[in-house]
Structure formats: structure tokens, C-alpha cells
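First up is the structure itself, then whatever we jot down about it.
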Amino acid sequence: MAFWDLPTQTSRPALVCNRSLISYDALGGMADDFVLQLPDFGRKSFGFLLIGHHSTFIAAYLGCLRSRKHVPLLLQPDLHPALLLQLIEHYQPDWIVAPAGITLPADYETGRADDVSRILVRRRNADAPALHEDLGLLLSTSGSTGTRKLVRLSYCAIASNADAIAQYLKLNADDRAITTLPLGYSFGMSILNSHLAAGASLVLTNESLMSRDFWNIASETGVTSLSGVPSSFEMMRRAGLEKRGLNHLRSLTQAGGRLRKELIAFFDELARAQGWEFFVMYGQTEASPRISYVPPKRLAEKIGSIGVAIPGGNLHIDPASSELVFEGPNVMMGYAETRTDLARGDDLNGVLRTGDLGRQDDEGYVYLEGRLSRFVKLSGVRINLDAVEETLAGKFGNQFAATGSDDALVIWNPEPSQHADSSITAVLRELFNIFPSMVSVRSVDELPLLPNGKLDYRSLNEIAR
Amino acid sequence: MTLHDVFAKALGIPNDAVHDGLEYNSIKEWDSVAHMALVSALEERYNILLDTDDVIDLSSIGKAREILSKYGIEA
């Protein structure tokens, strides 16, 4: 049984939406009703689902999975409209489900509209290439940048990951999570998936950790866990988590980039004092998404580790390159860059080369030591450093270098008199939604180059050290 | 530096976009990540340490004034 099968005839709550409870039974009905609203395309269809924090969108998501006839690309509703339009033009989805305010793009007509959402259907798509029968879901490799590169996930992959998560977190039907992370983001989605797999529930809200309303809702609804990326944990600390009246809290879970050691230690201590469990975890969209976790009891001795493989998975280090390799049923089928790629089958056979470098200790605990690919995670979102350099070069007519680490992007500016720091951070904010506090701009006389003419990132990282 | 200046700088918006009715989450520039920067900026400017209740109650410029007056600051 997969998490989207939803136990039927149970009045147990699945979602808390606007303070009302939606049972598993009701949610199943809503999901199947949604599918009836889509036209019969005569083939498996592909659409964009801008998944807002409302039961309507979750019903759409589950309806697609249950029917096996519609494959959604999950997107965040706040994706820049211009980037969304580019994606629509490139992929030509058969349908789009979005929050009510969306502007109608060319080639689409409104199928159904209400206060909350809109279903848009593409006018003619007769020649659309077929979709693979195993393809269940698509996710973006980098949510806020509107990149074309998507991750293809099979039904098996997401179902098995949901079950594995429920297992290592020991979730049961009394558990209750809350949307601290966007549902269109792989980590946020996995919280929904795993809680449904366990017969547990999820509180839907648009409030953030920095607002009183969030903590009121979390307290009133009796949440049992809080999940976040590194910046979420900075916020939880600043908001005084232990004073917020979460009397049913039993676990904290963290992924989406490296949390600094002082904060890991802080939350490890706080959790132990409060009788909570604190799970440090690691994953990638390419793994549906979770890969490893640190058993809470071992965290104090393993600070800095991403832990051991989730149940059903296996981690090892490639001795030739030090690259971390994960094997498991939750590994993606592969990427997609065009609509035709959606017909492809499983390219990876369950083996994921993570692009992260690391080592394993004698108990198999993994410690990461760098990335092969040039990206950093800012607030959990993957930001490609080469793309940042290209964008800045295009805007300013100048070469910059981009380096950094999670939540700390560094831009190296060889022309500080011509280009003010503030104009650089403004561009990054406008286009990539990167908040200035996560960027530092450093002036250099000239950008160091390797003998082959490429940027010498290692030297820059040395300067930054 | 006035209170409006602190907000404008921390949120990265022009000074004339800051008005007393400005509320958290009403503009995209004042999201939760910006809020953390705002809290630090206020603490630095007024030389105080905001307590956790203040941090999550700081939902508008008006509230900011109220909170600061608790610390004896007329902003």
C-alpha cells in the first residue's frame, strides 16, 4: 500500500486546514473528485501543480498519484511569474492547477475556478510525447530559479521513501506535523508523504516561524514535530521554541543543508532537556528525497555527520573520487530537460552518485567534505554557482566569481568601484529570491585563474577561510 | 538613523516605501528571513536584546514602536 492509497473509511484526521479537520475518508474523496475535473486526454497526462498550503492542492496531488493517469510537476506558488511562463512555454503542460490569482497564460483556458484554485487546460496538445508508465511525479532541481532541469520520480520511489521515513522517525497515527516548509519543495513534500504513510496528520498554514500566529496554531493543534532547513533552526532559536507551548512536541528534524555545529549542539542539548528527539538528516530531490539520518541518541558524539542510510538504503564512498554514493529504491529515474525526456525509463537503476564528497567512520557514519558540483543551499534551496556567475555577467557585463557554503554565498567582485555590493545583492534577490543576509560580496584586485584559464575557486576558498 | 531608516535598510526597500502601517509578510521583502535581519538591526541600532516574545510579535512598524518603548526607547 502506498501513502496515497489513504486508509478508507476512517474518520481519523489527515489534514488540518483553516482549523478544520479533514479526515482520511474525506481527503480520498476530494482526491478522486479532482481527477474527474480533468479532461480525458486519452493518454497519461502531464501538468503543473502550484501546490499551495490548502487541502485543494493536496487533493489534486493525491488524485494524480491515485489515478496513475496524471503526472504533476510540483512547483511553489510564489515562483516568479516570468519564470513560470518560461517553464510553461518550454514544457507545454496539459494542465495547470494553481492558486486563484494566477494570470491565464496564452494557449490555456479555464477548466474550473473557485475562491482557492484554478484548473487551466491547454487548448491542443495532440502531438505530446508519451509519458513513461512508471513516472509518478516531477520536482524541480532548484525551486525558486525556475530551472528547466527536473527530477523524474517513480511511484515506487516516493512510496518507499515515505515508508522508510515513517519507519526511522517512528511515526504513528497520533503524530502531527505542520507546514514549516513549502510543499513544492522535496523536503516539505516528504513531510506530507511520510505522515500520510503513517496515518498521521499535517497542519496547513502559510504563517512562518517568525510570527506569533504560527506558534498559536502549532500549539492549539498540538503538533508533535517541527521540521526545518538551517535557517528555520536559527528562527526557532530566536523565537524561543521551548517557551511556545508546544506541549505535544516530540521531535525536531533538520535537512536542506549543513546546520552549523553550535546550533546542532544547542538543539541536541535542548531536545535532551525537553525529552524530544532531534534528527539531523540529509537528502536530495534526486532521492525522493531522504538519504540518511543520525539516530538522535548518537548525535552528541557524531556532530557534523549526516548519519547512516535510511532503512532499505545503502551508503558508501567511491574510493577513486571520495564521492558519496547512495543505493536504494527511492533513487530517481533520472533528469528531464524536455518534454520528450518524460518518456524515458529508469536511467540509474537505483544508484545515485550524490555529487557530495565525504568519508565514513568505522561505524559507517558519513561526514561530508565538499561538493563536486558547484552549488550551495540557501534556505534549503539549491542555487547553482555557475548560473549565478552567468546571470551576474549578463547583467553587469563583468565576470564575477561565486563560491560559498550553505546559507553563505560569496560573490567575488573584481570591479568594486564600478559595481556596488548593493546592486549585486539586489539582482540576486530579484532573480533568485536570495536574501542579502545570505550573501557577502568581497572585493578582489583580480579573479585568480588556473593555467587553463578557468577560475581558481580553490584559491578563493583559501582567501575566504 | 530613524526607525524607518532601520526598516528600510534591513528589508532592502526605499525609505518612502516604509510607513507606519507596514506589516510583516505584506510585502515580499519582509519575509521570515528578512525578519531575522530586521531583529538584529533593531538590536544593534538601539543597543537592546529583544526577548523571544518581542521577536514574534514584531509584526508591524507600529508594533516595533510599542516594543521599543517597553525598553524605554522613543523611536
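A few comments on the model shown:
- Enumeration of residues in the range A:103-141 that are touching a residue at least 24 places away in the same chain (Cβ under 8 Å) and more than 20 Å from A:GLY52 (Cβ to Cβ): A:ARG122, A:ASN125, A:ALA128, A:PRO129, A:ALA130, A:LEU131, A:HIS132, A:GLU133, A:ASP134, A:LEU135, A:GLY136, A:THR141
- Residue check, B:LYS28 among the basic types (Lys, Arg), over 21 Å from A:MET438 (Cα atoms), within 12 Å of chain A (Cβ to nearest Cβ) and without any contact (Cβ under 8 Å) to a residue 24 or more places away in the chain: no
- Test result for A:LEU241, farther than 28 Å from A:TYR335 by Cβ, of a type outside the set (Val, Ile, Thr), away from every other protein chain (no Cβ under 14 Å) and surrounded by 21 or more Cβ atoms within 10 Å (Cβ to Cβ): no
- The residue list A:GLY380, A:GLY397, A:GLY453, A:GLY358 contains one member that is of a type in the set (Gly, Ala, Ser), in contact with a Ser or Thr (Cβ under 8 Å, 6 or more places away or on another chain) and away from chain B (no Cβ under 14 Å), which is A:GLY358.
- Within the range A:306-327, residues that are on the phi > 0 side of the Ramachandran plot have Cβ atoms under 6 Å from residues that are surrounded by fewer than 22 Cβ atoms within 10 Å (Cβ to Cβ) and assigned to a strand (DSSP E or B) in these pairs: A:SER322/A:LEU357, counting only partners at least 6 apart in sequence or on another chain.
- Against the test of being more than 14 Å from chain B (Cβ to nearest Cβ), touching a helix residue (DSSP H, G or I) at 6+ places or on another chain (Cβ under 6 Å) and buried (at least 22 other Cβ atoms within 10 Å of the Cβ), the options A:LEU259, A:LEU249 yield a single qualifying residue, A:LEU259.
- Verdict on A:PHE214 being surrounded by 22 or more Cβ atoms within 10 Å (Cβ to Cβ), touching a helix residue (DSSP H, G or I) at 6+ places or on another chain (Cβ under 9 Å), within 9 Å of chain B (Cβ to nearest Cβ) and not polar (S, T, N, Q): yes
- Filtered residues of the range B:52-75 (kept if within 9 Å of chain A (Cβ to nearest Cβ) and either at pLDDT below 95 or in contact with a strand residue (DSSP E or B) (Cβ under 8 Å, 6 or more places away or on another chain) (or both)): B:SER59
- On the stretch given as the range A:280-312, residues that are over 17 Å from the mean Cα position of the chain (by Cα) and either surrounded by fewer than 18 Cβ atoms within 10 Å (Cβ to Cβ) or more than 16 Å from A:GLN360 (Cβ to Cβ) (or both) total 11.
- Criterion violated by A:LEU84 - all others in (1) touching a residue at least 60 places away in the same chain (Cβ under 8 Å); (2) over 15 Å from A:ARG118 (Cα atoms); (3) within 14 Å of chain B (Cβ to nearest Cβ) satisfied: (3)
- Residue count for the range A:79-103 satisfying the condition of being loosely packed, with under 13 Cβ neighbours inside 10 Å and of a type in the set (A, V, I, L, M, F, W, C): 2.
- Of the residues examined, A:ILE158 is not one that is of a type in the set (A, V, I, L, M), touching a residue at least 12 places away in the same chain (Cβ under 8 Å) and either within 14 Å of chain B (Cβ to nearest Cβ) or surrounded by fewer than 23 Cβ atoms within 10 Å (Cβ to Cβ) (or both).
- In the range A:268-275 there is at least one residue matching the filter, namely being within 14 Å of chain B (Cβ to nearest Cβ) and touching a residue at least 24 places away in the same chain (Cβ under 8 Å).
- For the range A:1-115, the helices (runs of 4 or more DSSP H) that sit wholly inside it and include 3 or more residues that are within 16 Å of A:LEU192 (Cα to Cα), under 25 Å from the mean Cα position of the chain (by Cα) and of a type in the set (Ser, Thr, Tyr) are A:55-67.
Conditions tested, residue by residue: (1) in a loop (DSSP other than H, G, I, E, B); (2) among the small types (Gly, Ala, Ser); (3) in the same structural domain as A:LEU183 (by TED's automatic domain parsing).
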site	(1), (2), (3)
A:GLY404	no, yes, no
A:SER423	no, yes, no
A:VAL427	no, no, no
A:GLU430	no, no, no
A:ILE434	yes, no, no
A:ASP445	yes, no, no
A:GLY453	yes, yes, no
A:LEU460	no, no, no
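- When we screen A:SER67, A:SER45, A:SER20 for residues that are more than 22 Å from A:PHE187 (Cβ to Cβ) and touching a helix residue (DSSP H, G or I) at 6+ places or on another chain (Cβ under 6 Å), the only hit is A:SER67.
- Elements of type strands (runs of 3 or more DSSP E) in the range A:319-399, at least 3 residues being assigned by TED's automatic domain parsing to the domain that holds A:HIS90 and out of contact with any Lys or Arg (no Cβ under 9 Å at 6 or more places or on another chain): A:351-360
- Residues that are within 14 Å of A:ILE58 (Cβ to Cβ) and either modelled with pLDDT of 95 or more or not assigned by TED's automatic domain parsing to the domain that holds A:SER194 (or both) within the range A:7-19 comprise A:PRO13, A:ALA14, A:LEU15, A:VAL16, listed in sequence order.
- Verdict on B:ILE48 being closer than 22 Å to A:PHE214 by Cα, more than 11 Å from chain A (Cβ to nearest Cβ) and not aromatic (Phe, Trp, Tyr): no
- Just one of the numbered conditions (1) more than 10 Å from the chain's Cα centre (by Cα); (2) more than 23 Å from A:ARG429 (Cα to Cα); (3) more than 7 Å from chain A (Cβ to nearest Cβ) is not true of B:ILE13: (2).
The values are calculated or read from the model by the stated rules, or taken from the named source; none is laboratory data. Because the structure is predicted, anything quoted here is derived from the model rather than measured. Cβ coordinates were reconstructed from backbone atoms using ideal geometry, including for glycine residues, and neighbour counts include every protein chain displayed.
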